[in-house]
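The values are calculated or read from the model by the stated rules, or taken from the named source; none is laboratory data. Bear in mind that the values here come from a model prediction, so they are computed numbers and not experimental data. We place every Cβ from the backbone using ideal geometry, glycine too, and count neighbours over all the protein chains shown.
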Amino acid sequence: MTFIIIGVVLIAISLGLLFASKGQAQIAAILKMSKAHKVADILGLQSQIAQEIGPGAFRELVEVRGKPIVSSPLQGELSGKPCLYYRMTVTREYEETDTSTDSQGNRTTSTRRGNEIVSSNTRFVNFKIDDGSGAIEIRPEGCEVELVKAVDTFQQGEGTGSISFGKFHLDFGKTPSTGRRTIGYRYEEHILPLDQPIFVFGEASDNDNILKIGRPEKKGLFLISTRIKEEIVRSREGSSKGLKIGAIVTAVLGVAGVVLGIIFPS
């Protein structure tokens, strides 16, 4: 029965990997089929449709690349770097002592390492992209954003009472002993920087009388990245291939587990 359970779990994992593989392949295919747009062309098309049909009717999937412009940039909570978008986590790493007793009454003590997120935060601002032909507003809410690593460091110590890093500060006071000993804290932050060109694929619309690119009204791709399109496509195709291989391997192991469970039931 154990083999069958393990086999079924592996088959379920395989299906999840296959689904993820198809998702990555679909993104690559969408980007390969799309064509770059000049902001001036988007502005002209919106103006034409607004004159013919009226404002608020314009919707078009577009891809643009240009220089980001923002009047009030964010500052990374850990890095302090100016940015358009950041995601940070602070993770406590600890050791935990566990004591178990077997059927003969023998006690065994072991130590294992674990971790828990003590703080996380994601922030972003609306900004504009200027490709030299014009500028258009970008609204990142709901986007899939490829961020750049800004901080990844580990600091040892209990951090009794509080911990601080950059602009981040957390007071947690004294907590009852739970058999866990804090080893230290890992600080991680990823940002969308201001000093690099930005690629955006999303839906241009003027439904609230403001022309902008954002998440499609109907389900669809909304992606922001500092990489060029060709790099994104290669990366997504590579991820799709790797996930597909993983799906095949886990499926084979899963079927083998089910067969073994049938042949050798426990």
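This table checks each residue for (1) modelled with pLDDT under 95; (2) closer than 26 Å to Glu146 by Cα; (3) under 25 Å from the mean Cα position of the chain (by Cα).
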site: Leu31; (1), (2), (3): yes, yes, yes
site: Ser34; (1), (2), (3): yes, yes, yes
site: Leu45; (1), (2), (3): yes, no, no
site: Ile49; (1), (2), (3): yes, no, no
site: Gly56; (1), (2), (3): yes, no, no
site: Glu63; (1), (2), (3): no, yes, yes
site: Ser71; (1), (2), (3): yes, yes, no
site: Leu84; (1), (2), (3): no, yes, yes
site: Glu96; (1), (2), (3): yes, no, no
- Query: Residue check: is Ser21 of a type in the set (Gly, Ala, Ser), crowded, with 19+ Cβ neighbours inside 10 Å, closer than 20 Å to Ile232 by Cα and touching a residue at least 12 places away in the same chain (Cβ under 8 Å)?
  - Reply: yes
- In the stretch 1-48, anything basic (Lys, Arg) and out of contact with any helix residue (DSSP H, G or I) (no Cβ under 7 Å at 6 or more places or on another chain) is listed as Lys22, Lys35, Lys38
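Within the stretch 38-54, count every residue that is touching a residue at least 60 places away in the same chain (Cβ under 8 Å) and either crowded, with 16+ Cβ neighbours inside 10 Å or in a helix (DSSP H, G or I) (or both). It would help to see each step written out before you state the result.
First pass over the stretch 38-54, keeping only residues touching a residue at least 60 places away in the same chain (Cβ under 8 Å): 38-43, 46, 50.
After this cut, where a residue has to be either crowded, with 16+ Cβ neighbours inside 10 Å or in a helix (DSSP H, G or I) (or both) as well, the list is 39-43, 46, 50.
Of the residues in that region, 7 qualify.
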- Query: Is there any pair linking a residue in the stretch 238-266 that is on the phi > 0 side of the Ramachandran plot to one that is in a helix (DSSP H, G or I), with Cβ under 9 Å and at least six apart or on different chains, and which?
  - Reply: none
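Can you tell me which residue in the stretch 131-162 is nearest to Glu77 (Cα to Cα), limited to those that are charged (D, E, K, R) and surrounded by 16 or more Cβ atoms within 10 Å (Cβ to Cβ)? Outline the logic, then answer.
First, pick out the residues of the stretch 131-162 that are charged (D, E, K, R): 131, 137, 139, 141, 144, 146, 149, 152, 158.
Next, from what is left, pick out any that are surrounded by 16 or more Cβ atoms within 10 Å (Cβ to Cβ): 131, 139, 146.
Details: Asp131: 29, Arg139: 21, Glu146: 18 Å.
Step by step, filter the stretch 131-162, then rank; the result is Glu146.
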- Across the stretch 69-115, what is the total count of residues that are exposed (fewer than 10 other Cβ atoms within 10 Å of the Cβ) and among the acidic types (Asp, Glu)? 1
